[in-house]
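K.L.:
After the structure tokens below, expect a handful of questions from me.
What follows draws every value from the coordinates through simple rules; no lab data is involved. None of these values were measured; they are calculated from a predicted model. No Cβ is skipped: glycine too gets one built from the backbone with ideal geometry, and neighbour counts run over all protein chains shown.
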Amino acid sequence: MSKKETFWIPYADLMTVLMIIFLFISLSYMGLVQFQKNQQDEIFKEYKQTKQTLYKELDKTFTEKFKDYNLKVNPDLSIQITDANALFPVQFYDQEVILTDRFKTFLNEFTPLFLSIILKDQYLESISEIRIEGHTALQTEDKENDKVYYQKMLTLSQKRSNKVLEHMMNLSYYDQLAESKKTLLRFITTSNGLAYGKALDSEGNFKFLSGKSINTEKSMRVEFRIVTTSEKLVEKVLEQLNK
């Protein structure tokens, strides 16, 4: 056997070993990628299941019980009360906001049920904010682009959402909560006046998206919106990607 042939045999063996090493590296990397994907899928699955469970509990608790208030529980975890006449009497933006007796009765029954759900341990890590939203309608269509009128409606809707939150916090159920629960609720609960920026059409869809006319009865409403911790979900996924 020549020296040249003797040289190529070890060289071929070396290349074979390197190919095997690269193969193992590739397989290991593919396994790691699949492992991370499975973990991400599990995170998304858990998040989706929690949201669906919460929606079902809200729907089961409120939809039938408060149907006389035109209450609607949506999959996005918002609860709409669109019975305008049952909420507030006709008021001007600069007047003191008052709740109708009918709406007070609703809040007296609704609040303990609502808070008992969102304060459950199984949901606490999934909720970042509880938004109490006040929405108004348009007096006439030509007012939609009137900046002064819009500012007045912002003021009115903010005062209304503040009044709803005030009533809820003055209930005996709230007073009897542990201080830690009250602290949590103060941290995650906000009241928001949105005027007619998110007005609804006759089908209950956002007028801005549908392009249809504003429905006054549906638009003048109060919403209780649960905002989930999507930021934490993103953080968990990023943590997995960085490992």
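K.L.:
Between LYS60 and ASN170, what FRET efficiency comes out of the Förster formula 1/(1 + (r/R0)^6) with R0 = 22 Å and r the beta carbon distance, rounded to 0.05?
P.N.:
After rounding to 0.05, the efficiency reads 0.20.
K.L.:
Less than 12 Å Cβ to Cβ from SER213, Lys/Arg counted +1 and Asp/Glu -1: what total charge do the surrounding residues give?
P.N.:
Once positives and negatives cancel, what remains is -1.
K.L.:
Taking the Cβ of PHE62 as the centre, find all other residues whose Cβ is under 11 Å away and add up their charges (Lys, Arg: +1; Asp, Glu: -1).
P.N.:
Around PHE62, the charge tally is 0.
K.L.:
Fully extended, how many nm does the chain gain between ILE20 and GLU129 (0.36 nm per residue separation, minus their Cα-Cα distance)?
P.N.:
In short, 33.9 nm is gained.
K.L.:
Relative contact order for the range 49-234 using alpha-carbon pairs under 8 Å, separation at least 6, rounded to a whole percent?
P.N.:
Averaging sequence separation for qualifying contacts and normalising by length gives 30 percent for the range 49-234.
K.L.:
Another question, if that's okay. At R0 = 30 Å, how high is the FRET efficiency between ILE98 and THR53 if r is their beta carbon distance? Nearest 0.05 is fine.
P.N.:
That pair, ILE98 with THR53, gives E of 0.25.
K.L.:
Let me ask you something else. Ordered by packing density, taken as the mean number of other Cβ atoms within 10 Å over each peptide's residues, highest first, how do 172-183, 145-156 rank?
P.N.:
So the peptides 172-183, 145-156, ranked by packing, come out 145-156, 172-183.
K.L.:
Please work out the FRET efficiency for the pair VAL148 and LYS67, using the Cβ-Cβ distance as r and a Förster radius of 45 Å; give the result to the nearest 0.05.
P.N.:
The formula returns an efficiency of 0.75 here.
K.L.:
In nanometres, what is the gap between the two model label sites at GLU203 and GLU109, each 7 Å from Cα along Cα-to-Cβ?
P.N.:
3.2
K.L.:
List residues of the range 189-218, by number, whose backbone nitrogen lies under 12 Å from a label position 7 Å along Cα→C-beta of GLU141.
P.N.:
Answer for the range 189-218: 212-215.
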